[in-house]
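What follows is calculated from the coordinates using simple rules that are stated; it is not laboratory data. From a predicted model like this one, the values you see are computed outputs, not experimental measurements. Virtual Cβ from ideal backbone geometry, glycine too; neighbours counted across all protein chains shown.
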Amino acid sequence: MTAARPDRSHIPDDELVRCVLDGESDAFAELVRRTRRDGYRLARRILRVHEDADDALQEAYVKAYRALHRFESGRPFAPWFLTIVARTALSALRREARRAGSSLDDPAPDGNVALAERIADPSQDAAAVEDRLLAERAFESLSEEHRAVLGLRVGSDLSYAEIAAALEVPIGTVMSRLARARGALLERMRELTPHRRPLDFL
């Protein structure tokens, strides 16, 4: 019988990184636990296909593990890791022609439950559910560039500097891309629901 892993849920990120660098490789599992959901969400927003997003996330963890010696102590791990996820997902897009984007009824890792089913909670307001479905459909119709920059800013809440590092572009470019992406998203939502006020998604 293997020994149970120690509870590291209250250990700061940079201390966990030091544990891994000192040879306690199982401490990396806690970093994975803290970032897996947001990492997958970002990869899925960029790649749109569950299998591709999952592959990109696993690849990003391998890259992060190998690059831990470059992690800056005192900073949170998640933003640093999400930039790796973004670069990995964008590289995947450039390596091969994209398959058709998955629909809202495709399975996802949350218990293999489709997005439409996950948000169809009877306790939720029907209008709120409809708005979220609308936002997802509009988002999936955006260009690769717009999905990436909105996913990093809105979905992952990264700073302009962190987005610039992830996309390897100047901060000014990030700001202009965000403005264009927001405009494109709102326009797409107006097209989907011409008689409704656009959702305050951004």
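Here are some notes:
- In terms of packing, defined here as the mean over residues of other Cβ atoms within 10 angstrom, the peptides 59-70, 159-170 line up highest first as 159-170, 59-70.
- Just so you know, the Rg over Rh for the range 10-96 is 0.99, from Cα atoms, with Rh as the Kirkwood radius.
- The magnitude of the dipole of the range 10-96, with charges of +1 and -1 set on the Cβ of Lys/Arg and Asp/Glu and taken from the Cα centre, is near 460 debye.
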